[in-house]
Every structure is written in C-alpha cells, then in structure tokens.
Amino acid sequence: MLVHETQRSRSELLARVAPPQRAALARETRVGAVYEWRCRRGHDRYPATVAEVLTGPSCAKCRANAVAPAALREAGLAFMKPGLKVGTSRVEQRLRLLLGERIRLHHRVNAVRIARMFYGKQEVWPDILVPQLRIAVEYDDPGRSGRAHRGLKEGSDVEKDDALREVGWEVIRIRAGGLDELGPHSVVCARLTVAAVDEVVALMRRIRGDAALDALAIERQQAV
Ligand SMILES: [Zn+2]
C-alpha cells in the first residue's frame with residue numbers, strides 16, 4: 001500500500017514527524033518507510049513506519065504506560081469524554097433512535113478505556129456504546145468519496161475492534177453501501193433500515209444471551 005491509498009491526510013503525518021525529516025516525508029510514497037516521530041505526550045522521539053504512526057501504537061513509553069497496573073484497572077470502562085464530536089451524522093442519529101426504541105441506551109458514555117494505544121490515545125470512541133452489554137455498534141459506509149472505511153481505515157477498524165475485544169467488549173458492525181463483512185459480527189445491508197437494526201439487536205442477543213437482552217429490552221406496541 002502507498003501513502004495516498006491510506007485515505008489519510010499527509011498533513012497529519014507532517015504535524016507529527018521530527019522537523020528535520022519533514023521535507024523527506026512530504027515526498028514519501030511508501031507506508032513502510034521509517035521516520036522519527038514526536039510523541040504526542042512529550043516523551044522521546046521514536047522511530048516507526050508511516051503505517052504504524054497512522055494506526056497509532058505510539059512510543060515505547062506510551063505503550064508501557066497503557067499496560068501498567070493503574071491503566072489496566074480502568075480497561076474496559078465506558079466513560080463520558082466531554083466535547084467529543086462523534087455520532088453526529090444523520091445516519092448515526094437515526095441508528096441511535098432506532099436502537100433506542102428497542103433497548104435502553106446509556107446516553108452518558110461515548111468512550112471506552114482500552115489496554116493499548118490507538119491513534120495516540122488509550123481510548124476508543126465507537127459510534128454507539130451499550131455498556132450494560134459491553135457491546136459497541138459501529139456504522140460504516142463508503143461515504144460520498146466512496147473510499148471511507150477502505151484502505152488503511154479498514155485495518156484500523158479491525159485494530160480498534162481487537163482493542164475492545166481485549167478488554168471484554170464485542171463490536172457489531174453495520175456494513176452498508178457495498179462494504180463487505182468485517183469482523184465476527186457484521187450486518188451487511190444496502191443502507192440503514194429497520195430490518196438492519198433488528199438484526200443488530202438479534203446479534204446482541206446471540207452474543208450476550210436472552211437474560212441480558214431481556215433486562216434492557218423496551219416493550220414495543222406491535223404496529224398493525
Ligand atoms: Zn509517548
């Protein structure tokens with residue numbers, strides 16, 4: 001894979017590379033090329049490939065901190081990250097609405113603490129969290145460009161799911177607009193529909209069992 005195929009911007013790379021290497025990186029095409037980077041948390045500069053920096057395992061010190069006992073105590077905890085702008089697209093709002101008609105959603109959490117570094121942070125921000133079930137729901141489609149959730153983004157989606165699974169969460173991915181299955185729990189559909197959301201809830205039931213789902217289920221009037 002080449003840098004321009006990752007669907008990530010060169011400016012985010014240029015902002016993080018060690019300044020003497022900026023000019024070389026501006027012309028770089030290979031994701032496997034090694035550069036010196038500045039840690040976002042102010043640790044020492046560290047060598048890593050372009051691909052590694054885009055998926056964000058961070059410097060050695062950050063990685064060690066992520067698995068330190070104090071950090072692991074919080075691993076898997078869902079929390080409210082103030083000022084986070086995710087889940088604000090129209091389709092994500094509709095997903096939240098449709099899910100909220102079926103199960104009780106917790107509106108005060110938007111992030112989960114993980115036990116590794118991901119994009120320079122020890123947390124992930126899935127579209128929808130159901131902390132009672134430890135299940136995250138993600139909505140993916142190729143977007144207007146036709147390229148979102150492809151390229152390196154697909155690799156980072158998989159890595160995000162791994163990070164969640166590692167701390168006891170499962171991820172259900174709604175894969176719309178021609179995207180293939182990704183991970184063990186995918187709902188493939190042309191677009192977000194009521195049937196797709198029902199399938200998500202059925203998957204939750206399969207993953208966590210009837211008792212857990214019944215405890216969250218909202219009784220609904222059957223439409224005539
Ligand atoms: Zn660091």
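Taken together, the values in this text are just the output of simple stated rules run on the coordinates, not laboratory data. Owing to the predicted nature of the structure, the values given are computational and were not obtained by experimental measurement. Cβ: placed from backbone, ideal geometry, glycine included. Neighbour counts: every protein chain shown.
Summarising the amide proton neighbourhood of residue 77: residues at separation of 5 or more, or on other chains, whose placed amide H is nearer than 5 Å comprise 113. Given the convex hull over the Cα atoms of segment 3-66, what projected area results after averaging over all orientations, in nm²? If you wrap the Cα atoms of segment 3-66 in a convex hull and average its projections, you get 4.0 nm².
Under the combined filter of DSSP loop state and at most 16 neighbouring Cβ atoms within 10 Å, segment 46-134 retains these GluC sites (Glu not before Pro): 101.
What are the semi-axes of the equivalent ellipsoid for the chain, taken as the square roots of 5 times the Cα gyration tensor eigenvalues, largest first, in whole Å? Display every interim value, and only then the final one.
Numbers: eigenvalues 242, 89, 35 Å².
Listed largest to smallest, the semi-axes of the chain are 35, 21, 13 Å.
In terms of its C-alpha gyration tensor, segment 72-188 comes out oblate, because a/c is 1.5 or above while a/b does not outweigh b/c.
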